[in-house]
1. Can you work out which of the residues in the range 38-64 that are within 11 Å of the ligand (Cβ to nearest atom) and more than 14 Å from residue 8 (Cα to Cα) is modelled with the lowest pLDDT?
2. Kindly establish whether residue 90 is over 21 Å from residue 29 (Cβ atoms) and of a type outside the set (Asp, Glu).
3. Within the range 1-18, can you find the residues that are open to solvent by less than 70 Å² (accessible area, probe 1.4 Å) and either more than 30 Å from residue 92 (Cβ to Cβ) or of a type in the set (S, T, N, Q) (or both)?
4. Collect the residues in the range 82-133 that are among the basic types (Lys, Arg) and touching a strand residue (DSSP E or B) at 6+ places or on another chain (Cβ under 8 Å), keeping them in residue-number order.
5. Which ones in the range 25-40 are out of contact with any Pro (no Cβ under 8 Å at 6 or more places or on another chain) and on the phi < 0 side of the Ramachandran plot?
6. Is there any pair linking a residue in the range 81-109 that is free of Cβ contacts under 8 Å to residues at least 60 places away in the same chain to one that is of a type in the set (Lys, Arg) and not in a loop (DSSP other than H, G, I, E, B), with Cβ under 9 Å and at least six apart or on different chains, and which?
7. Return a yes/no flag: does the range 66-80 have any residue that is at pLDDT 95 or above, within 11 Å of the ligand (Cβ to nearest atom) and more than 20 Å from residue 30 (Cα to Cα).
8. Going through the range 1-24 one residue at a time, which ones are among the aliphatic types (A, V, I, L, M) and either more than 19 Å from residue 41 (Cβ to Cβ) or more than 16 Å from the ligand (Cβ to nearest atom) (or both)?
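The values are calculated or read from the model by the stated rules, or taken from the named source; none is laboratory data. Model, not experiment: these values are computed from the prediction. Virtual Cβ from ideal backbone geometry, glycine too; neighbours counted across all protein chains shown. Areas reflect the complete protein model, heavy atoms only, side chains present, ligands, DNA and RNA absent. Shrake-Rupley method; radii C 1.70, N 1.55, O 1.52, S 1.80 Å.
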Amino acid sequence: MVGKVDHIGIAVANLDETLAFYTDILGMKLHGTETVAEQKVRVAFLPVGDTEIELLESTDPEGPIAKFIENKGQGIQHIAFKVDDIEAALAELKAKGVRLIDEKPRYGAGGAKIAFLHPKATNGVLVELCQRD
Ligand code: ZN
């Protein structure tokens, strides 16, 4: 069902400060930043190999990333797997009785179609499916 690891999402308190570590210290290239209003985040993309690091900073104290940091601190927030057909993947998961956060795909950063599986269905990992056309 899933292909490669599309990206790893990391919750950060301060995007600009964190970016300096990835670019200046690790030598990664910033591919761009984007604000996704629906998810109340500002996102930075840093390609590495054939995957990407996605740094997520909350734009709202009530947003999901702010809540995540409040509960667990900064760190890895989700792992995203590439799928070719997200609707088909969601239908298959539903048929297998997997609890979903998103029954239908929504718009994610970079114009991707994304959907999250419920961490209770994945033994604690927030899994995202990601389709890029
Ligand atoms: Zn993501």
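1. 39
2. Yes.
3. Of everything in the range 1-18, those that are open to solvent by less than 70 Å² (accessible area, probe 1.4 Å) and either more than 30 Å from residue 92 (Cβ to Cβ) or of a type in the set (S, T, N, Q) (or both) turn out to be 12, 13, 14, 15, 18.
4. Listed by number, the residues that qualify are 82, 94, 99, 104, 106, 113, 132.
5. Filtering the range 25-40 for residues out of contact with any Pro (no Cβ under 8 Å at 6 or more places or on another chain) gives 25-27, 30, 32-38.
Residues satisfying the conditions are 25, 26, 30, 33, 34, 35, 36, 37, 38.
6. Here the result reads 86/113; 87/113; 99/120; 100/94; 103/94; 105/113, each pair linking the range 81-109 to a residue that is of a type in the set (Lys, Arg) and not in a loop (DSSP other than H, G, I, E, B).
7. Checked the range 66-80: no residue is at pLDDT 95 or above, within 11 Å of the ligand (Cβ to nearest atom) and more than 20 Å from residue 30 (Cα to Cα).
8. Matches in the range 1-24: 1, 2, 5, 13, 19, 20.
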